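Input: a single structure, listed below in structure tokens.
No value in this document is a laboratory result; all are computed from the given coordinates. This is a predicted model, so every value here is computed, not measured. Every residue, glycine among them, receives a Cβ derived from its backbone with ideal geometry; neighbour counts consider all protein chains shown.
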Amino acid sequence: MPTRRWLAPAIGLSAVALAAGTSTAAFAAVPARDDAASAGATSQHHVHSRGDVMRHHGTSAAHLTPVSSVHHNGKIVLHDTSDNWAGYAATGSTYTSVSASWVQPSVSCGSEDTYSSFWVGIDGDGTSSVEQTGTEADCSSGQAEYSSWYEMYPANPVNFSDTVTPGDSFTASVSDDGSGTFTLTLTDNTAGWSETTNQSSSTAQDGSAEVIAEAPYSNGVLPLSDFGTVDFTGATANGSPIGDASPTQINLVSDGGVTEATTSGLDSSGEDFSVTWESTGS
């Protein structure tokens, strides 16, 4: 099986200062924050349900050009591009909780196998660990496949057995009790099921908080599924609107310059935004 790297959106520390993983699921961002124009990433293995693909999530540290702008209440938002993340990432502080809700998108499938995931997580941007949970929407041989999972990198992702149905409302949260014990919860508000797991990590740094739509990676970023638009609501970091953390707004742009997904600005609450599919990237 091919090895899949987890790349995470690397927002340089200088930019912040200036502004101041068994089923179709496999995810986690293990970025490599780097001061150089490009950076490597830690490798991670994720097993596809069919056993033919190993994939992971994250964003490339390379080719990021942050530009500051102002959003609601005078808060600063940085703008970056990533080769497999779209959404918002908060850095520059200690983050012990993150949460958000979204409606599970349906995917339009053609002949090409494509992949997408939607999640919240702590770490992954500039840190070597990642703790996250979310859902997946893939196309395999022309058929849509949906699943859910959690992951504590460097451990492999674990898939939940519950049915994931397009149109269902999901809420996800990840929290750290301060001693390295994480609680990861994913709830299908529509179907009425909820999964909570408590996991320990000796490597977590609580260095970032993210709400992300992603194209997984396997020996290269995989084609992004056409999920239309996913609306994230109630996005918080440390219990406050993620917009209060002066987060980075990330668009997904391939290394070849093809825009795959765009992220909207935050609404006036600093909690709601959308990510819109633009292309598979191939």
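Using a cut-off of under 15 Å, list every residue of segment 147-169 whose amide N is near the label point 7 Å from the Cα of Ser106 along the Cα-to-beta-carbon line. What the label zone holds, given the 15 Å backbone N cut-off, is 164-169. As a calculated quantity, the FRET efficiency between Ser240 and Asn219 at R0 = 35 Å, using C-beta atoms, amounts to about 0.35. Stretching the chain fully between Asp255 and Ala144 yields a gain of 37.3 nm (0.36 nm per residue, less the alpha carbon separation).
Label-to-label distance for Ser282 and Ser93 is 4.0 nm, based on points extended 7 Å past Cα in the beta-carbon direction. When you count the other C-beta atoms within 10 angstrom of each residue and take the mean per peptide, 204-214, 220-230 line up highest first as 204-214, 220-230.
The calculated P(r) of segment 197-282, using every Cα pair and 10 Å bins from 0, goes 15, 39, 32, 14 in percent. Extension gain, Ser268 to Thr165: 0.36 nm times the residue separation minus the Cα-Cα distance gives 34.1 nm. Ranked by the mean number of other Cβ atoms within 10 Å of their residues, highest first, the peptides 180-187, 151-158 come out as 151-158, 180-187. For segment 153-240, what D do you get in µm² per second when you plug the Kirkwood radius from alpha-carbon pairs into Stokes-Einstein at 20 °C and 1.002 mPa s? Roughly 138 µm²/s, to the nearest whole number.
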